[in-house]
Amino acid sequence: MDTLHVVELSEPVAGFVSGKRQLLIDGEWVEAASGKTFPIYNPATGAVLANVAEADAEDVNRAVRAARRAFDRGPWSKMTGSERGRLLWKLADLVEKHLEELAELESIDNGKPVKVARVADVPLTADMFCYMGGWATNVTCTTTPWSLAKD
């Protein structure tokens, strides 16, 4: 066992990992239709981190139907690009706010040093949400004419 990669978990992360890991479908945490779970291992130690719900075709179909309903009836499809971009920036802020917890989770999930997750993985994730949030107003592939001068 490589003790350099063993992370002592903070209370919030230990609580999260030890909790029941279900599927998020239609805005609710649910068991897999089959009731099956599978173990997730810490690659640095081989220890079981958690047992998570094992989705099958029925679960995927339920999730797709729920996503379609949410898109058709929910607020996302009615938002402007600017509103969507602001939500992505808010998500980036939340990633930064919870950097330590997310770095711990990334470390135990991938077996990498928490320092790497802290200085690279998590900040780059936040940066990507910011970047994509900036593109939310440009998804039509059009440009805004800044010059109104005529030839």
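You will find that of 20, 78, the residue that is of a type in the set (Lys, Arg) and exposed (fewer than 11 other Cβ atoms within 10 Å of the Cβ) is 78 and no other.
So, in segment 73-82, of the ones that are part of a helix (DSSP H, G or I) and without any contact (Cβ under 8 Å) to a residue 12 or more places away in the chain, which residue ends up farthest from residue 36 (Cα to Cα)? Let's see the steps before the verdict.
So in segment 73-82, the residues part of a helix (DSSP H, G or I) come out as 73, 76-78, 81-82.
In the following step, the residues that additionally are without any contact (Cβ under 8 Å) to a residue 12 or more places away in the chain were identified as 73, 76-78.
Details: 73: 31, 76: 32, 77: 34, 78: 37 Å.
That would be 78.
The residues of segment 11-55 that are touching a helix residue (DSSP H, G or I) at 6+ places or on another chain (Cβ under 6 Å) and at pLDDT below 95, listed by number, are 12, 13, 42, 44, 49, 50. All conditions but one from (1) surrounded by 17 or more Cβ atoms within 10 Å (Cβ to Cβ); (2) free of Cβ contacts under 8 Å to residues at least 40 places away in the same chain; (3) more than 18 Å from the chain's Cα centre (by Cα) apply to residue 122; the one that does not is (3). Consider segment 42-53 and keep the residues that are surrounded by 15 or more Cβ atoms within 10 Å (Cβ to Cβ) and in contact with a strand residue (DSSP E or B) (Cβ under 8 Å, 6 or more places away or on another chain). The one that is nearest to residue 109 (Cα to Cα) is 42. Residue 87 passes every criterion in (1) under 30 Å from residue 111 (Cα atoms); (2) in a helix (DSSP H, G or I) apart from (1).
The values are calculated or read from the model by the stated rules, or taken from the named source; none is laboratory data. A quick note: this is a predicted structure, and the numbers were derived from the prediction, not measured. As a convention, Cβ positions derive from the backbone with ideal geometry for all residues, glycine included, and neighbour counts pool all protein chains shown.
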